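Enquirer: Got a structure for you, questions after.
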Amino acid sequence: MGAMGSASVASKRAVTRAQILDATVEAIGREGVAGIRIDAVAAAAGVSPGLIYYHFANRQALVRAGLVEALERYTSQSRSPGGRDSVAHLVDELQRHIGLPEDGGEGRGRVRTAAMEAAVFDPELLPALVHSTQLWEASVARLIERARGEGGDPVEVAGVAEALTAIADGLRQRVLSGTLARDEARRMVATIVPVLLAGPAG
């Protein structure tokens, strides 16, 4: 097989692997890790179950790769503020993380929940989870700076971002478990954000 033929095969393999990961990420967003079934992922990806095992050694390897891919996508899904003011934009981004809006936020919430739960038993997921968390905190820190205006203490801003993201993680767990109503979580976020934005002097 010539160089062009080898490149074509490699390209086809990459496309097939990407299709499988797309189907896996979608399944995680809908149902969490527990809902990942090889036959269902294969059907959604338009491939045979055997082809999944060609690309991934077992279900755990597929789930791990799907979670890593989902975490990478998760950190790049923030929306533009549109016509909202900076505080409303920050509240909205945190609510979307929890899974409150009806525009796909629930899938976003399940991604981090699934990754955090899986990382307890699969330490190989931890680097991707840590990296995703750092990127998300940095994104929230930028929103905080925009809401406050430039010139704040970056260490204090990072601390507020860490607190807000940790609170959002906890609220999301309660919403997804059914122990906290979505409307109540929405109210909590809208109440907490202005308090933490006010800073120590507030």
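Enquirer: Which order do 56, 121 fall in if you start with the one that has the fewest other Cβ atoms within 10 Å?
Expert: Placing the least packed residue first, the sequence is 121, 56.
Enquirer: Taking the beta-carbon count within 10 Å as an exposure proxy, list 131, 97, 89 from fewest neighbours to most.
Expert: 131, 89, 97
Enquirer: Using the Karplus equation 6.51 cos²θ - 1.76 cosθ + 1.60 (θ = phi - 60°), what ³J(HN,Hα) coupling, rounded to whole Hz, does each residue of the range 11-17 give in order, writing x for Gly and Pro?
Expert: 3J(HN,Hα) across the range 11-17, in whole Hz: 5, 5, 4, 5, 5, 5, 4.
Enquirer: For every other residue with a beta carbon closer than 14 angstrom to the beta carbon of residue 137, add +1 if it is Lys or Arg and -1 if Asp or Glu, then tell me the sum.
Expert: So the surrounding residues net to -3.
Enquirer: Let me ask you something else. Give me the mean projected area, in nm² to one decimal, of the convex hull enclosing the Cα positions of the range 123-202.
Expert: Mean projected area of the Cα convex hull: 6.2 nm².
Enquirer: Going by how many other Cβ atoms sit within 10 Å of their own, how do 183, 22, 92 line up, fewest first?
Expert: Arranged by neighbour count, lowest to highest, 183, 22, 92 become 183, 22, 92.
Every number in this text was worked out from the coordinates using simple rules, so none of it is lab data. All figures in this text were calculated on a predicted structure; none of them were measured in a lab. Using ideal geometry, Cβ is built from the backbone for each residue, glycine included, and neighbour counts are taken over all protein chains shown.
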